[in-house]
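All of the numbers you see were taken from the coordinates with simple rules; none came from a lab. Just so it is clear, the structure is predicted and the values come from calculations on it, not from any experiment. Here the Cβ positions follow ideal geometry from the backbone for every residue, glycine too, while neighbour counts run over all protein chains shown.
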Amino acid sequence: MDWSLSSLSSLSFLAFRRWFWSESFWLPPNVTWKDLESPIGSGGAESPVGGDWDPHGARDSDGGDGGGDRSTVTIPSVYDLWLGFPLAVVLFGLRLLWERYVAHPVGLLHNFRETPIATPLPNATLEEAFRLHGKTLPDHGKILGYAKQLDLTPRQVERWWRRRQLLGKPSQLQRFKETSWRFVFYLCSFWSGLYVLWDKPWLWETNYCWQNYPRQHVPSDVWWYYLIELGFYLSLVLSLFRDIRRKVRFPFICSRHFASSASVVAASQESVLSLMI
């Protein structure tokens, strides 16, 4: 009985795997997963619907049609994408080092405020009113009503309300540390991307983007560029729980980062890296 259940589970998994990786959905007409494997003699990677797909075998060093003399060529493999996770950890560690040893001293040098706004005194009545009205300050009549109810002056109620509005907002130094890291990464990403792509023919002539599609080789420098971008977006997911909370909702930020990561994954597996860049 146990053997039968195990066999049934294996067959169900294989059926789902073949359905998910259906060639009619993922690939153009008259193209199969075998067409995306490495050339004969280069170690070849098998299709995702069966066999052992060796990501390290899916390399070719004969120059290919990727353009440029700086790099060898690569055939993307789905297993290569796992490298995005350790890269995300590395980038997250680099970010922590940047914020602590570079951005923090520079922020203090420019007199960015480090301490957050003072916390308002606990007041259950005003807290309930704050949840009722949101961050919008009530009209003067309601302010007078709360002041009489709590034996406070209207000025004290307004001061409490403004402090409560600022509660949880990051200090200038916190914002500077976070935005400086993103600025540095995006700046380096832009210029390194420009350097990587400068000698690629499909940067200047878009017709090359479709040449030999989807049987396209990818230059190794482009391959690494994509992996680092994927690692960066995954590191943003890791840092969501310590980053400054934005006005937009938390699920929206998560979905945006996952969508960016998914676009990189899809581009690498559909051999449309030249189009995505």
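Quick rundown of the values:
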read-out	value
Over 12 Å [Cα-Cα, segment 167-217], rounded percent	74 percent
Calculated FRET value between residue 16 and residue 85, using beta carbons and R₀ = 35 Å, to 0.05	0.90
Sequence-distant residues sharing a close amide H with residue 218 (under 5 Å, placed H)	74, 75
Separation in nanometres of the label points that stand 7 Å from Cα toward Cβ, at residue 147 and residue 206	6.3 nm
Rg to Rh, two decimals, where segment 117-219 supplies the alpha carbon set and Rh follows Kirkwood	1.46
Qualifying GluC sites (Glu not before Pro) in segment 86-172, DSSP loop, other Cβ atoms within 10 Å at most 16	114
Trypsin sites (Lys or Arg not before Pro) within segment 120-182, DSSP loop, no more than 10 other Cβ atoms inside 10 Å	135
Contour minus Cα-Cα distance for residue 98 and residue 25 (0.36 nm per residue)	21.9 nm
Shape of segment 97-168, Cα gyration tensor, a/c cut at 1.5	prolate
